[in-house]
Amino acid sequence: MHVLISIQQRVPQWQIPEASARALIARFPDVRFTYATSDDERARGLEMADAAYTWILNATELARAPRLQWVHSSAVAVETFCLPEMYARGIRVSNTRGVQAVPIAEHVLAVLFAFAKQIPFTLDNQRQARWAQHDYVGARLPWLLRGRTLGLIGVGTIGAALASRAAALGMRVVALRRQAAADTVPGVTRVYNRDELPAMLAECDAVAIAAPLTPDTEGLMGRGAIASMKPGAVLINVGRARILDTDALVDALHAGHLSGASLDVFPEEPLPADHPLWSCPNVILTPHTSGFRQGHWDEVIDVFADNLERYRRGEALKYEVKADLGY
(Lines give C-alpha, C1' and ligand atoms only; values in the text may rest on other atoms or scores of the structure.)
Protein backbone atom coordinates (compact mmCIF):
# COMPACT_ATOMS: atom_id res chain seq x y z
CA MET A 1 0.00 0.00 0.00
CA HIS A 2 1.26 3.46 -0.89
CA VAL A 3 0.23 6.51 1.17
CA LEU A 4 0.90 10.14 0.29
CA ILE A 5 1.42 12.61 3.14
CA SER A 6 1.03 16.11 1.73
CA ILE A 7 0.00 18.76 4.23
CA GLN A 8 1.77 21.96 3.26
CA GLN A 9 0.09 25.17 4.38
CA ARG A 10 0.95 28.85 4.47
CA VAL A 11 -0.28 28.85 8.09
CA PRO A 12 2.46 27.08 10.11
CA GLN A 13 0.04 25.64 12.69
CA TRP A 14 -1.86 23.74 9.98
CA GLN A 15 1.28 22.37 8.33
CA ILE A 16 2.34 18.94 9.54
CA PRO A 17 5.67 19.18 11.41
CA GLU A 18 8.38 17.02 9.90
CA ALA A 19 8.89 15.22 13.21
CA SER A 20 5.19 14.28 13.30
CA ALA A 21 5.29 12.99 9.72
CA ARG A 22 8.39 10.91 10.45
CA ALA A 23 6.81 9.51 13.62
CA LEU A 24 3.71 8.49 11.65
CA ILE A 25 5.79 6.76 8.99
CA ALA A 26 7.71 4.86 11.68
CA ARG A 27 4.44 3.43 13.05
CA PHE A 28 3.78 1.60 9.77
CA PRO A 29 7.05 -0.01 8.61
CA ASP A 30 5.23 -2.19 6.07
CA VAL A 31 3.49 0.72 4.34
CA ARG A 32 5.21 2.74 1.64
CA PHE A 33 4.91 6.48 2.23
CA THR A 34 5.68 9.55 0.18
CA TYR A 35 6.18 12.55 2.44
CA ALA A 36 5.80 15.48 0.04
CA THR A 37 7.09 18.93 0.91
CA SER A 38 7.04 20.37 -2.62
CA ASP A 39 4.62 20.48 -5.54
CA ASP A 40 6.77 18.10 -7.57
CA GLU A 41 6.93 15.55 -4.74
CA ARG A 42 3.16 15.83 -4.28
CA ALA A 43 2.53 15.25 -7.99
CA ARG A 44 4.77 12.17 -8.06
CA GLY A 45 3.19 10.84 -4.88
CA LEU A 46 -0.34 11.19 -6.25
CA GLU A 47 0.58 9.09 -9.28
CA MET A 48 1.39 6.14 -6.99
CA ALA A 49 -0.90 6.71 -4.01
CA ASP A 50 -3.61 4.31 -2.90
CA ALA A 51 -4.45 6.73 -0.07
CA ALA A 52 -3.71 10.40 0.55
CA TYR A 53 -3.38 12.24 3.83
CA THR A 54 -3.85 15.87 2.81
CA TRP A 55 -6.11 18.91 3.19
CA ILE A 56 -6.75 19.80 -0.44
CA LEU A 57 -7.33 17.97 -3.72
CA ASN A 58 -8.64 19.42 -6.98
CA ALA A 59 -10.08 17.69 -10.01
CA THR A 60 -6.92 18.14 -12.09
CA GLU A 61 -4.83 16.44 -9.44
CA LEU A 62 -7.40 13.70 -9.01
CA ALA A 63 -7.21 12.85 -12.72
CA ARG A 64 -3.49 12.22 -12.22
CA ALA A 65 -4.06 9.83 -9.31
CA PRO A 66 -5.34 6.63 -10.97
CA ARG A 67 -4.84 4.36 -7.95
CA LEU A 68 -6.38 6.63 -5.31
CA GLN A 69 -9.08 4.94 -3.22
CA TRP A 70 -9.19 6.88 0.05
CA VAL A 71 -8.45 10.45 1.10
CA HIS A 72 -8.24 11.56 4.72
CA SER A 73 -8.32 15.27 5.54
CA SER A 74 -5.99 16.59 8.21
CA ALA A 75 -8.71 19.13 8.97
CA VAL A 76 -12.47 19.00 9.50
CA ALA A 77 -13.54 21.04 6.48
CA VAL A 78 -13.69 19.16 3.18
CA GLU A 79 -14.80 21.94 0.82
CA THR A 80 -11.16 22.03 -0.37
CA PHE A 81 -11.72 18.60 -1.96
CA CYS A 82 -13.35 17.98 -5.36
CA LEU A 83 -15.99 15.84 -3.68
CA PRO A 84 -18.31 15.22 -6.67
CA GLU A 85 -15.43 13.90 -8.78
CA MET A 86 -14.08 11.85 -5.90
CA TYR A 87 -17.43 10.22 -5.14
CA ALA A 88 -18.00 9.55 -8.83
CA ARG A 89 -14.90 7.39 -8.72
CA GLY A 90 -15.96 5.67 -5.51
CA ILE A 91 -13.17 7.24 -3.47
CA ARG A 92 -13.81 7.22 0.26
CA VAL A 93 -13.32 10.44 2.21
CA SER A 94 -12.79 10.91 5.94
CA ASN A 95 -11.76 13.83 8.10
CA THR A 96 -10.34 14.73 11.50
CA ARG A 97 -13.66 15.45 13.14
CA GLY A 98 -13.67 16.06 16.87
CA VAL A 99 -10.03 17.01 17.39
CA GLN A 100 -10.83 20.72 17.48
CA ALA A 101 -14.12 20.43 19.37
CA VAL A 102 -12.81 21.22 22.84
CA PRO A 103 -10.40 24.04 21.93
CA ILE A 104 -13.04 25.76 19.80
CA ALA A 105 -15.74 25.29 22.45
CA GLU A 106 -13.41 26.83 25.02
CA HIS A 107 -12.69 29.70 22.62
CA VAL A 108 -16.41 30.45 22.31
CA LEU A 109 -16.80 30.43 26.08
CA ALA A 110 -13.77 32.72 26.41
CA VAL A 111 -15.30 35.38 24.16
CA LEU A 112 -18.69 34.93 25.82
CA PHE A 113 -17.08 35.64 29.19
CA ALA A 114 -15.25 38.60 27.66
CA PHE A 115 -18.52 40.15 26.47
CA ALA A 116 -20.35 39.32 29.71
CA LYS A 117 -17.63 40.91 31.84
CA GLN A 118 -17.13 43.91 29.54
CA ILE A 119 -13.49 42.99 28.86
CA PRO A 120 -13.23 44.77 25.46
CA PHE A 121 -14.49 47.99 27.09
CA THR A 122 -12.11 47.52 30.02
CA LEU A 123 -9.11 46.99 27.75
CA ASP A 124 -9.99 50.04 25.67
CA ASN A 125 -9.87 52.14 28.82
CA GLN A 126 -6.72 50.42 30.05
CA ARG A 127 -4.88 51.39 26.85
CA GLN A 128 -5.84 55.01 27.59
CA ALA A 129 -4.76 54.71 31.25
CA ARG A 130 -8.33 55.66 32.11
CA TRP A 131 -9.98 54.61 35.41
CA ALA A 132 -13.54 54.05 34.14
CA GLN A 133 -15.19 52.62 37.25
CA HIS A 134 -18.13 55.03 37.10
CA ASP A 135 -18.92 53.98 33.51
CA TYR A 136 -20.04 50.49 34.52
CA VAL A 137 -23.74 51.32 34.68
CA GLY A 138 -26.79 50.38 32.61
CA ALA A 139 -25.85 48.33 29.59
CA ARG A 140 -22.19 48.48 30.69
CA LEU A 141 -22.86 46.45 33.82
CA PRO A 142 -21.34 42.96 33.57
CA TRP A 143 -23.87 40.17 33.21
CA LEU A 144 -24.04 36.51 34.17
CA LEU A 145 -23.96 33.65 31.73
CA ARG A 146 -26.17 31.77 34.15
CA GLY A 147 -29.78 32.06 33.06
CA ARG A 148 -28.96 33.35 29.58
CA THR A 149 -29.92 31.51 26.40
CA LEU A 150 -27.25 30.33 23.97
CA GLY A 151 -28.33 29.37 20.45
CA LEU A 152 -26.17 26.97 18.45
CA ILE A 153 -26.18 26.79 14.67
CA GLY A 154 -24.73 23.34 14.21
CA VAL A 155 -24.46 20.66 16.88
CA GLY A 156 -21.74 18.43 15.53
CA THR A 157 -18.70 17.73 17.65
CA ILE A 158 -17.98 21.43 18.27
CA GLY A 159 -21.58 22.33 19.03
CA ALA A 160 -21.97 19.34 21.32
CA ALA A 161 -18.80 20.20 23.25
CA LEU A 162 -20.01 23.77 23.61
CA ALA A 163 -23.52 22.75 24.66
CA SER A 164 -22.36 20.60 27.56
CA ARG A 165 -19.98 23.27 28.84
CA ALA A 166 -22.47 26.12 28.51
CA ALA A 167 -25.15 24.09 30.27
CA ALA A 168 -22.73 23.39 33.12
CA LEU A 169 -22.39 27.16 33.56
CA GLY A 170 -26.16 27.46 33.93
CA MET A 171 -26.98 28.60 30.42
CA ARG A 172 -30.07 27.41 28.60
CA VAL A 173 -28.93 25.96 25.28
CA VAL A 174 -31.07 25.66 22.15
CA ALA A 175 -29.91 24.58 18.71
CA LEU A 176 -30.67 24.64 15.01
CA ARG A 177 -30.18 21.28 13.37
CA ARG A 178 -30.72 19.86 9.90
CA GLN A 179 -32.89 17.13 11.40
CA ALA A 180 -34.68 18.44 14.47
CA ALA A 181 -35.90 14.94 15.34
CA ALA A 182 -32.37 13.48 15.42
CA ASP A 183 -30.73 12.09 18.55
CA THR A 184 -30.69 14.40 21.54
CA VAL A 185 -27.54 16.33 22.39
CA PRO A 186 -26.53 16.56 26.07
CA GLY A 187 -27.08 20.08 27.36
CA VAL A 188 -29.48 21.12 24.56
CA THR A 189 -33.01 21.76 25.83
CA ARG A 190 -34.67 22.31 22.45
CA VAL A 191 -33.80 21.67 18.81
CA TYR A 192 -35.24 23.81 16.01
CA ASN A 193 -35.46 23.08 12.29
CA ARG A 194 -34.53 25.45 9.48
CA ASP A 195 -38.01 26.97 9.19
CA GLU A 196 -37.92 27.86 12.89
CA LEU A 197 -34.63 29.79 12.72
CA PRO A 198 -36.19 33.27 13.25
CA ALA A 199 -38.05 32.04 16.34
CA MET A 200 -34.87 30.55 17.79
CA LEU A 201 -32.81 33.67 17.10
CA ALA A 202 -35.40 35.89 18.78
CA GLU A 203 -34.96 34.18 22.14
CA CYS A 204 -31.15 33.91 22.24
CA ASP A 205 -28.85 36.23 24.18
CA ALA A 206 -25.92 34.77 22.28
CA VAL A 207 -25.68 32.81 19.02
CA ALA A 208 -22.69 30.68 18.04
CA ILE A 209 -22.23 29.48 14.46
CA ALA A 210 -20.41 26.11 14.49
CA ALA A 211 -21.78 24.49 11.34
CA PRO A 212 -19.93 23.23 8.26
CA LEU A 213 -20.32 25.00 4.94
CA THR A 214 -22.91 23.20 2.81
CA PRO A 215 -25.55 24.34 0.30
CA ASP A 216 -28.00 24.40 3.23
CA THR A 217 -25.84 26.59 5.48
CA GLU A 218 -24.31 29.00 2.96
CA GLY A 219 -25.81 32.44 3.60
CA LEU A 220 -27.96 31.08 6.43
CA MET A 221 -27.22 34.04 8.71
CA GLY A 222 -28.16 36.74 6.25
CA ARG A 223 -29.60 40.19 6.82
CA GLY A 224 -33.06 38.85 7.63
CA ALA A 225 -31.76 36.34 10.14
CA ILE A 226 -29.61 38.97 11.87
CA ALA A 227 -32.63 41.27 12.05
CA SER A 228 -34.51 38.42 13.78
CA MET A 229 -31.93 38.24 16.57
CA LYS A 230 -32.80 39.48 20.02
CA PRO A 231 -31.81 43.16 20.43
CA GLY A 232 -28.55 43.38 22.36
CA ALA A 233 -27.51 39.80 21.59
CA VAL A 234 -23.97 38.80 20.66
CA LEU A 235 -23.01 36.73 17.61
CA ILE A 236 -20.00 34.40 17.38
CA ASN A 237 -18.79 32.64 14.24
CA VAL A 238 -16.33 29.76 14.51
CA GLY A 239 -17.89 27.87 11.60
CA ARG A 240 -17.41 29.12 8.05
CA ALA A 241 -17.35 32.73 6.85
CA ARG A 242 -19.83 32.21 4.02
CA ILE A 243 -22.55 31.17 6.46
CA LEU A 244 -22.69 34.78 7.70
CA ASP A 245 -23.45 38.01 5.82
CA THR A 246 -20.56 40.11 7.12
CA ASP A 247 -21.91 43.37 5.66
CA ALA A 248 -25.22 42.85 7.45
CA LEU A 249 -23.33 42.13 10.68
CA VAL A 250 -21.36 45.37 10.38
CA ASP A 251 -24.60 47.31 9.90
CA ALA A 252 -26.25 45.61 12.90
CA LEU A 253 -23.29 46.43 15.14
CA HIS A 254 -23.17 50.09 14.14
CA ALA A 255 -26.95 50.37 14.51
CA GLY A 256 -26.75 48.94 18.03
CA HIS A 257 -29.04 46.02 17.20
CA LEU A 258 -26.32 43.63 18.36
CA SER A 259 -24.19 44.45 21.38
CA GLY A 260 -21.13 42.53 20.19
CA ALA A 261 -19.68 39.99 17.82
CA SER A 262 -16.68 37.70 17.67
CA LEU A 263 -15.41 36.25 14.40
CA ASP A 264 -12.69 33.68 13.85
CA VAL A 265 -13.42 33.16 10.13
CA PHE A 266 -13.60 35.83 7.44
CA PRO A 267 -14.65 36.21 3.80
CA GLU A 268 -11.05 37.10 2.99
CA GLU A 269 -8.05 35.95 4.98
CA PRO A 270 -5.95 37.75 6.04
CA LEU A 271 -8.64 40.34 6.71
CA PRO A 272 -7.68 43.54 4.82
CA ALA A 273 -6.58 46.41 7.03
CA ASP A 274 -9.32 48.65 5.61
CA HIS A 275 -12.15 46.19 6.24
CA PRO A 276 -15.01 47.81 8.23
CA LEU A 277 -14.99 44.97 10.77
CA TRP A 278 -11.82 46.39 12.32
CA SER A 279 -13.62 49.57 13.35
CA CYS A 280 -16.90 48.02 14.52
CA PRO A 281 -17.89 48.62 18.14
CA ASN A 282 -17.39 45.80 20.65
CA VAL A 283 -15.94 43.15 18.38
CA ILE A 284 -13.36 40.46 19.08
CA LEU A 285 -11.59 39.36 15.91
CA THR A 286 -9.23 36.38 16.04
CA PRO A 287 -7.15 35.34 12.99
CA HIS A 288 -8.69 31.89 12.43
CA THR A 289 -6.97 30.56 15.54
CA SER A 290 -9.85 29.19 17.63
CA GLY A 291 -8.67 25.64 16.92
CA PHE A 292 -4.99 26.29 17.73
CA ARG A 293 -3.64 24.52 20.79
CA GLN A 294 -0.58 22.74 22.08
CA GLY A 295 -0.48 19.05 21.20
CA HIS A 296 -2.74 19.46 18.16
CA TRP A 297 -0.71 17.33 15.77
CA ASP A 298 -0.30 14.44 18.22
CA GLU A 299 -4.05 13.90 18.25
CA VAL A 300 -4.48 14.58 14.52
CA ILE A 301 -1.85 11.94 13.71
CA ASP A 302 -3.54 9.45 16.03
CA VAL A 303 -6.88 9.87 14.20
CA PHE A 304 -5.27 9.18 10.83
CA ALA A 305 -3.21 6.26 12.15
CA ASP A 306 -6.34 4.65 13.62
CA ASN A 307 -8.16 5.05 10.30
CA LEU A 308 -5.21 3.69 8.36
CA GLU A 309 -5.29 0.54 10.49
CA ARG A 310 -9.05 0.29 9.97
CA TYR A 311 -8.69 0.75 6.22
CA ARG A 312 -6.06 -1.98 5.95
CA ARG A 313 -8.29 -4.37 7.91
CA GLY A 314 -11.29 -3.57 5.75
CA GLU A 315 -13.22 -2.05 8.65
CA ALA A 316 -15.47 0.99 8.73
CA LEU A 317 -13.60 4.29 8.83
CA LYS A 318 -14.13 6.77 11.63
CA TYR A 319 -15.43 10.18 10.58
CA GLU A 320 -16.25 9.16 7.04
CA VAL A 321 -17.75 12.07 5.08
CA LYS A 322 -21.22 11.27 3.72
CA ALA A 323 -21.73 12.00 0.04
CA ASP A 324 -25.31 13.21 0.51
CA LEU A 325 -24.42 15.62 3.34
CA GLY A 326 -20.95 16.82 2.43
CA TYR A 327 -19.69 16.38 5.99
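If I ask for residues that are more than 25 Å from the chain's Cα centre (by Cα), more than 18 Å from Q294 (Cα to Cα) and open to solvent by 50 Å² or more (accessible area, probe 1.4 Å), which ones from the range 1-19 would you list? Within the range 1-19, just M1 meets the criteria.
Results for (1) touching a residue at least 40 places away in the same chain (Cβ under 8 Å); (2) surrounded by 13 or more Cβ atoms within 10 Å (Cβ to Cβ); (3) touching a Lys or Arg at 6+ places or on another chain (Cβ under 8 Å), shown as yes or no for each residue.
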site: R148; (1), (2), (3): yes, yes, yes
site: I153; (1), (2), (3): yes, yes, no
site: L162; (1), (2), (3): yes, yes, no
site: G170; (1), (2), (3): no, no, yes
site: A199; (1), (2), (3): no, no, no
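When the range 219-255 is filtered for residues that are more than 17 Å from the chain's Cα centre (by Cα) and of a type in the set (K, R), the ones remaining, listed by number, are R223, K230. Among the residues of the range 122-133, are any in contact (Cβ under 8 Å) with a residue 24 or more places away in the chain, farther than 20 Å from E196 by Cβ, among the aliphatic types (A, V, I, L, M) and open to solvent by 10 Å² or more (accessible area, probe 1.4 Å)? No, the range 122-133 contains no residue that is in contact (Cβ under 8 Å) with a residue 24 or more places away in the chain, farther than 20 Å from E196 by Cβ, among the aliphatic types (A, V, I, L, M) and open to solvent by 10 Å² or more (accessible area, probe 1.4 Å).
Screening V303 on (1) under 21 Å from I119 (Cα atoms); (2) open to solvent by less than 70 Å² (accessible area, probe 1.4 Å); (3) part of a helix (DSSP H, G or I) shows it passes everything except condition (1).
Tell me whether the range 44-51 contains one or more residues that are assigned to a loop (DSSP other than H, G, I, E, B) and either modelled with pLDDT under 95 or more than 28 Å from the chain's Cα centre (by Cα) (or both). Yes: one or more hits. Residues in the range 61-90 that are over 24 Å from the mean Cα position of the chain (by Cα) and assigned to a loop (DSSP other than H, G, I, E, B): R64, A65, P66, R67, L68, Q69, R89, G90.
The C-beta contact set for the range 285-309 (first residue over 13 Å from A75 (Cβ atoms), second residue among the basic types (K, R) and part of a helix (DSSP H, G or I), distance under 9 angstrom, 6+ apart or interchain) is empty.
The values are calculated or read from the model by the stated rules, or taken from the named source; none is laboratory data. Since the structure is predicted, the reported quantities are computational estimates derived from the model, not experimental observations. Ideal geometry is used to build each Cβ from the backbone, glycine not excepted, and the neighbour counts take in all protein chains shown. Keep in mind that these areas ignore ligands, DNA and RNA; they rest on the heavy atoms of the full protein, side chains included. Shrake-Rupley method; radii C 1.70, N 1.55, O 1.52, S 1.80 Å.
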